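Participant: One structure, as structure tokens, below. Some questions next.
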Amino acid sequence: MFDTLFFNLLLNGLAHGMLIFLIASGLSLIFGLMRVVNFTHGSFFMFGAYVGRSIFLATDSFVLAILGGLLFGFVCGALVERIAIRPFFGNRVQLLLLTLGMMLVMNELVKIIWGPTILRFPRPDYFIGSFMLGDIILPYYRMFIVGFGLAVLVVVYLFLNKTRLGIIIRAGVEDSDMVQSFGINIKQVFTFTFALGVSLASVGGAISGPFLGVYPEIAMDNILVAIIAVVVGGIGSFGGSVAGSLLIGLISSFGGFYLPQAAMAFNVILMALVLLIRPQGLFGKGGLASGR
Amino acid sequence: MNPLLQLNEVNTHIQGFHILQGISIQVPREGVTVLLGRNGAGKTTTLRTILGFNTPSGGEIKFDEKVINGWPPFRIGALGIGYVPEDRGIFGSLTVYENLKVAARDGIREMEGRLEKVYQLFPDLKRARKQQAGTLSGGQQQMLALARILVSKNRLLLIDEPSSGLAPIIVDRVAEAITELKKELPILLVEQNYNMASKIGDNYYIIDQGRCVHEGRMEDLEKEPEIKQRYLGVAV
Ligand SMILES: Nc1ncnc2c1ncn2[C@@H]1O[C@H](COP(=O)(O)OP(=O)(O)OP(=O)(O)O)[C@@H](O)[C@H]1O
Ligand SMILES: [Mg+2]
């Protein structure tokens, strides 16, 4: 049972889970804090992949590609929040339609700029090859994705728990009025959180490129699984987004191998089960219906 | 001396309903001003309008001679107006210490400097500082809500029904704490518990259906059984 195949699927699932986590964590924080379902999150993942690839091809530096993806997401996230989201604040239906519309536009825009076909994002030389553990083959690049995801996880965790701004974000998820009463400009916190969340998705896209390839459909594919991961983990909970994402990544990897036709169905079944047994999600507090 | 906070004919609409219909209140620079009135009279709405969570549709709110109507809540909070809402507004998934940190408007250093005194007033909080605030008892949560206000320099406290939902013995402790606070800060207190209000209060306003119907010194209200009966439902 614990053969090469198992470890391959495991590593694959973890790598996939980490990419989902990079989308889901921001999605969850943004929804928890601002009550906005940001459908553009998957599109920024996709744009991150294209932008990262272009930077890599232009500079031959993978580090710059990652930093570029991060910065691109942060700047775009801040702009989208200030220009598009803020004027509609408080109107959930309008916001839902707005981000949905922006998602569709972005997914078409990318085809105009880079074309509809799959593009190759070459791995940097130092990530070519595999680590051999007996007869188990562990590709370096997938290990890198897992390591990178873990590093982001630790940094974001420390930020949310050790810095005042991070603690304010967690407080805002619970009661943003109360946060304001302490003299804190919650709108600035919103902008920052949105930008941070989008930058995580975008950098996730950049590192996904050499693993998944770069093509327009990665936006839709990933926003859906990320939303499922957020619901499974518990909306607004950072720990939940970690657990939900890894679970979905592993299920997709193993399920996709043994029953490829049903890969997406597994995710939906998992979500349905979680909602039946624990409607607030694995780590969630209030429950879906309790949104302010 | 002119009052610290002044409401002149303040009107507030919520979702089309005319909730405050011309509230005029003056909060002096010391002592406890109590807002009394039946359920649904508009006491909480008055506090939330002062804090900027509801924007007044008419009238004027002045803090220290500055007109603050229409300011966003964070700017009003930053003036040094501390708020303890009816439901305490505790961040339940944060630790006690993290709750204080969010409230530390003047910086962590200022907070640390004030913490010893705060813990002296509320020893429970010191023991529980690493505990999730949501796991505290109702009384301890009320203490935390008060403590959050004390870790920064505030000039006025707005406290909404601190006794609600608490056991009588805890109510006494909360009353003691507020009596302690009133030595240092002026307080605008909403309180349904007439006993507690009369013990701590210096001045009162009675609100009924969004209007101020009576005001005066707390000790004079004692001599007005009719008013107490009519607007507060206090048995004579
Ligand atoms: N968000 C809202 N939407 C609609 N009506 C509201 C809203 N908030 C308050 N009201 C109404 O405004 C009136 C005043 O409410 P408010 O909460 O200020 O009363 P209160 O004096 O604090 O009462 P209580 O003693 O029960 O706390 C009530 O009739 C209430 O139903
Ligand atoms: Mg009230």
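Participant: Could you tell me how far the Cα centroid of the range A:222-251 sits from the Cα centroid of the range A:106-171, in Å?
Facilitator: Cα centres, the range A:106-171 to the range A:222-251: 16 Å.
Participant: Okay, next question. With solvent modelled as a 1.4 Å probe, how much accessible area in total do chains A and B shield from it at their shared surface, in Å² to the nearest 100?
Facilitator: When A and B are taken together, about 1900 Å² of accessible area is lost.
Participant: Please work out the FRET efficiency for the pair B:V213 and B:E60, using the Cβ-Cβ distance as r and a Förster radius of 25 Å; give the result to the nearest 0.05.
Facilitator: After rounding to 0.05, the efficiency reads 0.75.
Participant: Further, regarding this structure: Beyond 26 Å, what share of the Cα-Cα pairs of the range B:117-236 remains, rounded to the nearest whole percent?
Facilitator: That fraction is 27 percent.
Participant: Counting only Cα atoms, I'd like the Rg/Rh figure for the range A:203-292, Kirkwood definition for Rh.
Facilitator: That ratio is 1.01, to two decimals.
Participant: Heavy-atom accessible area per residue, the protein assembly as shown, 1.4 Å probe: how many Å²?
Facilitator: It amounts to 43 Å² per residue over the protein assembly as shown.
Participant: Taking the Cα atoms of the range A:99-206 alone, what are Rg (to one decimal) and Dmax (as a whole number) in Å?
Facilitator: Both quantities, over Cα of the range A:99-206: 19.8, 60 Å.
Participant: Could you tell me the largest-minus-smallest coordinate of the C-alpha atoms of the protein assembly as shown on each of the three principal axes, in descending order and whole angstroms?
Facilitator: 91, 46, 43
Participant: Determine the dipole magnitude for the protein assembly as shown: charges of +1 sit on the beta-carbon of Lys and Arg, -1 on that of Asp and Glu, nothing else is charged, the reference point is the Cα centre, and the result goes in debye to the nearest 20.
Facilitator: I would put it at about 460 debye.
Participant: Which FRET efficiency, nearest 0.05, do A:Y140 and B:K199 yield, Cβ-Cβ r, R0 56 Å?
Facilitator: It comes out at approximately 0.20.
Participant: Could I ask something else about it? Kindly express, to the nearest 10 degrees and within the range 0 to 90, the angle between helix A:218-233's C-alpha long axis and the longest C-alpha principal axis of chain A.
Facilitator: 60 degrees
Participant: Dividing the Cα convex hull volume of the range B:112-184 by residue count, how many Å³ per residue is that?
Facilitator: 93 Å³
Participant: Separate question: Testing the spin-label approximation: label points 7 Å from Cα along Cα→Cβ at A:Q94 and A:L259. State their distance in nm.
Facilitator: In this crude spin-label approximation the distance works out to 4.5 nm.
Participant: If eta is 0.692 mPa s and T is 37 °C, what Stokes-Einstein diffusion coefficient results for chain A, Kirkwood Rh from Cα pairs, in µm²/s?
Facilitator: Rounded, D is 170 µm²/s.
Participant: Let me ask another. With a cut-off of 12 Å, note down the residues of the range B:36-70 whose backbone N falls inside the zone around a label point 7 Å from the Cα of B:N11 toward its beta carbon.
Facilitator: Those under the cut-off are B:56-60.
Participant: Summing -39500 (n - 2.57) over the DSSP H runs of n ≥ 4 in chain B and dividing by its residue number, what mean residue ellipticity at 222 nm do you reach, to the nearest 500 deg cm²/dmol?
Facilitator: It comes out at -9500 deg cm²/dmol, rounded to the nearest 500.
Participant: Can I ask one more? Could you check the spin-label model distance between B:S93 and B:N39? Points 7 Å from the Cα along Cα→Cβ, value in nm.
Facilitator: About 3.1 nm, to one decimal.
Participant: Take the Cα atoms of the range B:87-152, find their three principal axes, and give me the spread along each one in whole Å, biggest first.
Facilitator: 27, 20, 20
Participant: Residues of the range A:206-231 with backbone nitrogen within less than 17 Å of a virtual label 7 Å along the Cα-to-Cβ line of A:T117, please, listed as ranges.
Facilitator: Backbone N within reach: A:213-217.
Participant: Using a probe of 1.4 angstrom, how much of the accessible area of the protein assembly as shown is carbon and sulfur, in percent?
Facilitator: 60 percent
Participant: Can you pull the semi-axes for chain B, root of five times each eigenvalue of the Cα gyration tensor, sorted largest first, whole Å?
Facilitator: Listed largest to smallest, the semi-axes of chain B are 28, 21, 16 Å.
Participant: Using Cα atoms only, what is the angle between the long axis of helix A:40-59 and the major principal axis of chain A, expressed in degrees (0 to 90) to the nearest 10?
Facilitator: So the inclination is approximately 50 degrees.
The values are calculated or read from the model by the stated rules, or taken from the named source; none is laboratory data. All values derive from a computational prediction rather than experimental measurement. Glycine also receives a Cβ, built like all others from the backbone with ideal geometry; neighbour counts cover every protein chain displayed. Quick note on the areas: whole protein, heavy atoms, side chains included, nothing else; ligands and nucleic acids left out. Shrake-Rupley method; radii C 1.70, N 1.55, O 1.52, S 1.80 Å.
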